Amino acid sequence: MQEPAIASIDLAPVALAGPDAASDGLRLDQALSLLAQAGWQPPPHVARHSQAWLQTVIDGLCDLSSRDALTGLANRRQFEAAIAREIDRVARVGEPALLLLADIDHFKKVNDTHGHAAGDVVIQAVASCLQDCVRPMDLVARVGGEEFAIILPNCPPAFGQTVAERIRLKVAHRPVAIVGGQQLHVTVSFGGAFAPQWVRSLTALWSERADQQLYRAKAEGRNRTCLDMPPQTSVSAEEKGLLFGNFTPPEASEASGHTGDAPITTP
Amino acid sequence: MMASMLATESPPVQTTRIARTVAVTSGKGGVGKTFFSANLAAAISRQGLKVLVLDADLGLANLDVVLNLYPKITLHDVFTGKAELDEAILAAPGGFSVLLAGSGLVEYSRLTPEIRDQLHSIFESVKPRFDVIIIDTGAGISDVVLHAVSMANEVVVVATPEPTSMTDAYATIKVLAAQQGREQLNLVVNQVTRPGDGRAICNQLQQVVERFVQSPSGSPPRLTYLGDIPQDVSVREAVQKRQLVLELHPGSPASQGLVQVATRLLARTPVPH
């Protein structure tokens, strides 16, 4: 049995002969202080500088670089990787997927009236509210200052509005406590679009469509959901029944024997 | 004098004409859409009109295969700035012009904003130079196809009597009515084996459309039946020889059907879209 290729990458002998060399060459100190700042603890019972220990450091760094520092949500980097994967999956599998963009309404007013610390608390509260409302398979990301994105794989178009509204109402009904005992009522606007099924497309086009809907939600008065619905290409059984009701297509053998006059579509 | 003038290629007439723009689409692939577009163009040019076929099947273009052309310059070169638009407009065997996408340009199966804008600017700049522009779209109901159709004033949906083709044609009509507000669409039925089947399919489609489809204006779109193209061995031969059936077998039933479709299409007053 052949060893998997990854096993041949042996970290141990490279630069870890002495702890100092490791620290200098790999900038471990900097990595460890970044991780400590994010609340990371070195694993107990694992020898410092061992390969297993290094692995946990790398894992910690990967996690750190894919999360938003303020909210702990996926950051823009992780979001972009995830949306690129999802659009390719939908193109191949045809399963519907919804992208929701959420923007906190009148956020500038929160900052201006209550200060930036309060603004941060509001962002954190909305973030945890969004995260609470979704399935484990969904990805919630903070993609801008007060802007969030949610990727919902396997979300049928008929459910889109309900799902988005449920999240929107949850945010609206959960007041945010800020310093000084004050409670702020925060609302979000949602814009959403479904990934194009069965066709290859670009993530930029998908998010552009969602963004246009977010713009519409804002223009129509905020605290609402606007979705770009996919073209209704499905043909129901009832429609088919009527379509073939009075018309009998030529015999299958008759048709298949003479299909040669169509230009062959190159694959 | 007259003869010598006719013998030389007529210079492009500077007029203020704006072409009638016709998108040919089908939903299902393999129904003979590209073959139809090319022969329709030949039939229309025989009536003395200047015709351009724009190959908008950007990902899997095969108009060049149908016409047996080996273009050195394609839309791809125009898009990438390697050639001028005029260099990419080629003379096709049937007396019309073609603007070919070039096969295998898979990157264009994604409709990026750049491609969208480039297609539009090319389309606008060729419009004043032709009487009729036929847009041959790809198969399916993708965003590239819908966008290509959206550039045209008129739409011809090509179907065959096969149930899958009829279903896809119906789905296409539904989407075009809902998304583009199309109130009038033309139907051509290809590969018809029994006389009268084409008309029956059109009636059947119209019936379902009236029951289930609404354009944003509230009324269901009207289907105009342009005619059928009979199943014909001469078509198979023309495809294999990579020639137009109108040139190879002008008197064949398929050619007669194509000429009739062209005549009916031209007789219609273009519907502003």
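Read-outs throughout are calculated quantities, based only on the coordinates presented, and are distinct from any laboratory measurement. In this text the structure is predicted, and so the values were computed from the model without any measurement. Glycine also receives a Cβ, built like all others from the backbone with ideal geometry; neighbour counts cover every protein chain displayed.
Could you line up B:202, A:62, A:129, A:155 from fewest to most neighbouring Cβ atoms inside 10 Å?
A:62, A:129, B:202, A:155
Which whole number gives the average, over all residues in B:162-174, of C-beta atoms from other chains lying within 10 Å of the residue C-beta?
4
Report the semi-axes of the equivalent ellipsoid for chain B in whole Å, largest first, where each axis is √(5λ) for an eigenvalue λ of the Cα gyration tensor.
28, 23, 18
Taking loop as defined by DSSP and a crowding limit of 12 other beta carbons within 10 Å, which chymotrypsin sites (Phe, Trp or Tyr not before Pro) in region A:31-86 fit?
none
Mind giving me the nanometre distance, one decimal, between the label points for residue B:267 and residue A:88, set 7 Å out from Cα along Cα→Cβ?
Here the answer is 5.4 nm between the modelled labels.
Would you list which lysines come within 27 Å of residue B:82, measuring only between C-alpha atoms, while excluding same-chain residues fewer than 8 positions from it?
In chain and number order, the partners are B:50, B:72, B:127.
So if R0 is 45 Å, what FRET efficiency would residue A:69 and residue B:125 give, r being the distance between their Cβ atoms, rounded to the nearest 0.05?
Values: r = 50 Å, r/R0 = 1.12.
Once the sixth-power term is evaluated, E becomes 0.35.
At q = 0.11, 0.15 Å⁻¹, what is the log10 ratio I(q)/I(0) for region B:96-226, with the Debye formula run over Cα points and no solvent?
-0.45, -0.81
Under the rule a/c < 1.5 gives rounded, and otherwise a/b versus b/c splits prolate from oblate, where does region A:20-151 land using the Cα gyration tensor?
oblate
List the residues whose amide H sits under 5 Å from the amide H of residue A:184, counting only those 5 or more places along or on another chain, with H placed 1.01 Å from N in the peptide plane.
Correct list: A:176, A:177, A:178.
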